Amino acid sequence: MKKLINFQPSRALKTALGIIPFLLVLLVYQVGSDIRKAENEQDKLLPSFAEIAAAIDRMAFEPSRRTGEYLFWKDTKSSVVRLAKGISIAAAIGLIVGLMAGSIPIIAAPLNPLITAISLIPPLAILPVLFIVFGLGELSKVMLIVIGVSPFLVRDILQRTQELPREQLVKAQTLGGNSWQIILRVILPQILPRLIDAVRLSLGAAWLFLIAAEAIASTDGLGYRIFLVRRYMSMDVILPYVVWITFLAFATDLCLLKLSRIVFPWYHADK
Amino acid sequence: MSTFIELDRISKHYGDNVVLENLSNKVTEGEFVTLVGASGCGKSTFLKLLLGTERVSSGQLLLDGQPIAEEPGPERGIVFQKYSVFPHLNVRENVALGLEFEQSASLGRLFGSERKQALEQADEWLEAVGLTQSLNQYPHELSGGMQQRLALAQALIKKPKVLLLDEPFGALDPGIRKDMHELVLGLWQKYHLTVFMVTHDLREGFHLGTRLWVFDKVRHDPHAANRFGSTITFDLPLVSKDAPLNPDDLDAISNQLSAAAAV
């Protein structure tokens, strides 16, 4: 018998072990739902899987009686567009500011304390300011994501840039590169995969800010819907929405990882 | 031959910590100087002065009669022990980068026929270091020895006046190190390079150099180890590559180095 610290489960066993907890969660839910339903037929807290399926069908595959839209897909589209805009702008800011500050000490000197200070502001605390300044439309929701995520991205990219081996920058200079050429040909290409890493890490926060903004002032979106139906205790809608958001987050993360592996194979070589 | 590199009473200190003091010497073009000494003796600091990443605290370091530039530049090539090659470029691109920097000021990148020419030129240098088999591989696919060959080709394509080697073979297996010695000697002879090489391997220093410099402290303050810096305590001309080592020299230097290490 091997020591436990040396025992590596096989691939099949690993997969099986990974699935079991999910099945357990579903099972516990089913049992809980059954118990509550037995006590009260009208219980809304733990709807049965049949009720959830009906709710999904109603939201996703039947046009809304009021507007004729497929609410689930409309919500998804609105949220994903906001998220994509927010993340893209934040990533662009993170890359440009982080790269410049990380490569050029004289730019880092005035920016560093400012960025540190900004990153410590709780973004939700200034959400009212955003609503006042940018109105209640799309812009303020996108801005919340940008403000929430970009300080982290800037700081992360700045640090990754400074972590590149000093030897490489010296070597590039002995090959005749000037500052601009070295940033363009040596630093930038090596920072791009690290930007993808940073964006992946910031996705959770981005969703948080998106849902918060939608909950407070919106007319559609996944976060809006969840907070709307909360008034009717519609757990049969909330739960599938939460699962859907989780799936979207997971899929985005996976796509970014795959993209990074395809475009930057050298970056993933020794990992 | 006229003086190519001149050390004129060079000292280097960081605050109260004196690393090098009073180095004076002359090197002519085409010499292969190996720098040895115990850890912390300042041999790498001296190489950094030549490279331009550190500047002298007092005295003068002259290249071709001019004070050496205080930042790295294309007239001084470098091969470090590691991180000398760019992981995001393949072998040919790594070598061609030096040409791209030179020929494309705004983007540092060549296109079309210019790029093709640069890559072909890179191929020639890759042939000189024996990497023809791996032109399109990325550095992470190369062994440690091959990465150092690549770093050499990268440096040589700029035709530097001085080639600086900072323990370039320190991380390699002994067998591979021997191949690399032959390669470096061959390149040095073929292209009439002036080479400074830091090594902690005394035999390597003897084998490769035309001159061997030993860095050590001549004065010690028992109460303040950093009061005095190192200087060049031996300057051995190694005339013939084929002559066997003079055992007395080797012993004398070995003793001094181990004595220095014990202090």
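Every number in this text was worked out from the coordinates using simple rules, so none of it is lab data. In this text, all values refer to a predicted model and were calculated from it rather than measured experimentally. Every residue, glycine among them, receives a Cβ derived from its backbone with ideal geometry; neighbour counts consider all protein chains shown.
A few remarks follow.
- Result for chain B in a Gaussian network model with C-alpha springs under 10 Å: among B:Ile157, B:Ile232, B:Ile176, the largest mean-square fluctuation is at B:Ile176.
- Rounded if a/c under 1.5, otherwise prolate or oblate - region A:1-132, Cα gyration tensor axes: oblate
- Distant-in-sequence amide H partners of B:Leu238 (H built 1.01 Å from N, under 5 Å): B:Arg211, B:Leu212
- Listed by chain and number, the lysines whose alpha-carbon sits under 17 Å from that of A:Lys85, ignoring those within fewer than 8 places in the same chain, are A:Lys74, A:Lys77, A:Lys141.
- For region B:29-45, Karplus couplings with θ = phi - 60° (6.51, -1.76, 1.60), whole Hz, Gly/Pro x: 4, x, 7, 10, 9, 9, 10, 10, x, 5, 4, x, 7, x, 5, 6, 4
- Inter-label distance, nm, simple model (7 Å from Cα along the C-beta direction), B:Glu127/B:Asn25: 3.7 nm
- Low-density loop positions, trypsin sites (Lys or Arg not before Pro), region A:22-91 - DSSP coil, at most 14 other Cβ in 10 Å: A:Lys44, A:Arg65, A:Arg66
- Shape index of the protein assembly as shown: Rg/Rh, with Rg the Cα radius of gyration and Rh the Kirkwood radius from the inverse mean 1/r over Cα pairs, equals 1.13.
- Residue of A:Thr67, A:Thr246, A:Thr219 that the Gaussian network model of chain A assigns the largest fluctuation, springs spanning Cα pairs under 10 Å: A:Thr67
- Selected from B:Arg177, B:Arg55, B:Arg219 as most flexible by GNM, with chain B as the system and alpha-carbon contacts under 10 Å: B:Arg219
- Longest segment of chain A lacking GluC sites (Glu not before Pro) that sit in a DSSP loop with at most 16 other Cβ atoms within 10 Å: A:70-271
- Taking the charge dipole of the protein assembly as shown about its Cα centre, with +1 at Lys and Arg Cβ atoms and -1 at Asp and Glu Cβ atoms, the residue from B:Pro237, A:Gln168, A:Leu203 reaching farthest to the positive side is A:Leu203.
- For region B:52-88, the residues whose backbone nitrogen is under 18 Å from a point 7 Å from the Cα of B:Arg219, taken along Cα to Cβ, are B:57-59.
- Whole-Hz Karplus values for region B:96-105 come out as 6, 4, x, 6, 5, 4, 6, 9, 10, 5 Hz, taken residue by residue from phi with 6.51 cos²θ - 1.76 cosθ + 1.60 and θ = phi - 60°; glycine and proline positions read x.
- When only alpha carbons are used to place a centre, region B:8-29 and region B:48-74 end up 11 Å from one another.
- Alpha-carbon centroid distance for the pair region A:85-147 / region B:168-190, whole angstrom: 51 Å
- Between B:Gln66 and B:Ala252, the simple spin-label model (points 7 angstrom out along Cα→Cβ) gives 3.9 nm.
- Taking the helices alone, the protein assembly as shown has a mean residue ellipticity at 222 nm of -18500 deg cm²/dmol, built from -39,500 (n - 2.57) per DSSP H run of at least 4 residues and averaged over all its residues.
- Here the 3J(HN,Hα) profile of region A:244-256, calculated from phi with Karplus coefficients 6.51, -1.76 and 1.60 at θ = phi - 60°, is 4, 4, 4, 5, 4, 4, 5, 5, 4, 4, 5, 4, 4 Hz, Gly and Pro shown as x.
- Nearest-ten-degree value, helix B:144-156 long axis tilted from longest Cα axis of chain B: 80 degrees
- Shape category assigned to chain A from the gyration tensor of Cα positions, a/c cut at 1.5: oblate
- In units of the compact-protein estimate 2.2 N^0.38 Å, chain B shows a Cα radius of gyration of 1.05.
- Of B:Lys12/B:Lys158; A:Lys171/B:Lys159; B:Lys161/B:Lys217; B:Lys82/B:Lys159; A:Lys2/A:Lys258; A:Lys171/B:Lys217, pairs whose Cα-Cα distance is over 25 Å: B:Lys12/B:Lys158; B:Lys161/B:Lys217; A:Lys2/A:Lys258; A:Lys171/B:Lys217
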